[in-house]
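J.: First, the structure itself, so that you have it in front of you.
The values are calculated or read from the model by the stated rules, or taken from the named source; none is laboratory data. On a predicted model such as this, the values are computed, not experimentally measured, just so you know. Here Cβ is always computed from backbone atoms with ideal geometry, including for glycine, and neighbour counts include all displayed protein chains. All accessible areas refer to the heavy atoms of the entire protein, side chains included, with ligands and DNA or RNA removed. Shrake-Rupley method; radii C 1.70, N 1.55, O 1.52, S 1.80 Å.
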Amino acid sequence: MNKVLTEKQKRFIDYYIETANATESARRAGYSKKTARSIGNENLTKLDTFIQAKLQEKEDKRIASQEEVLQYLTAVMRGEEKDQFGLDASLQERTKCAELLGKRWGTFKEKVEHSGSIPVVIQDDITE
């Protein structure tokens, strides 16, 4: 994606993401009404990589990343985050965030896993 896009192509991509209509997007981007349909279809083919990248960028902004979630949990746990009324998080909420962070970092082990074999030795210590 080293290609430099023209302003019309950039506008086409933005309008296409908004409308999902290649002809309308080409017309709104500034291409002539007579050629909007053919230019729109051509741009869909030529600019598909850029369109997909722009869609992925929008999706990334919409969905929280793992790092963002961890930062939020840490801020709540430390009492740096306020609720909608400007109050501190309750001790219960802060503890829940600490638990979630602890699980993420493997601080708390809920299962103990063994690998390999464990020999069993039976010793007869009964004397008669």
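J.: Give the residue that is modelled with the highest pLDDT, with candidates limited to residues of segment 18-43 that are within 21 Å of GLU59 (Cα to Cα) and open to solvent by 40 Å² or more (accessible area, probe 1.4 Å).
T.: ASN21
J.: Take the residues of segment 47-83 that are open to solvent by 60 Å² or more (accessible area, probe 1.4 Å) and in contact (Cβ under 8 Å) with a residue 24 or more places away in the chain: which is nearest to GLY102 (Cα to Cα)?
T.: MET77
J.: Can you pull out the residues in segment 85-116 that are modelled with pLDDT of 85 or more and loosely packed, with under 10 Cβ neighbours inside 10 Å?
T.: PHE85, GLY86, LEU87, LEU91, GLN92, listed by residue number.
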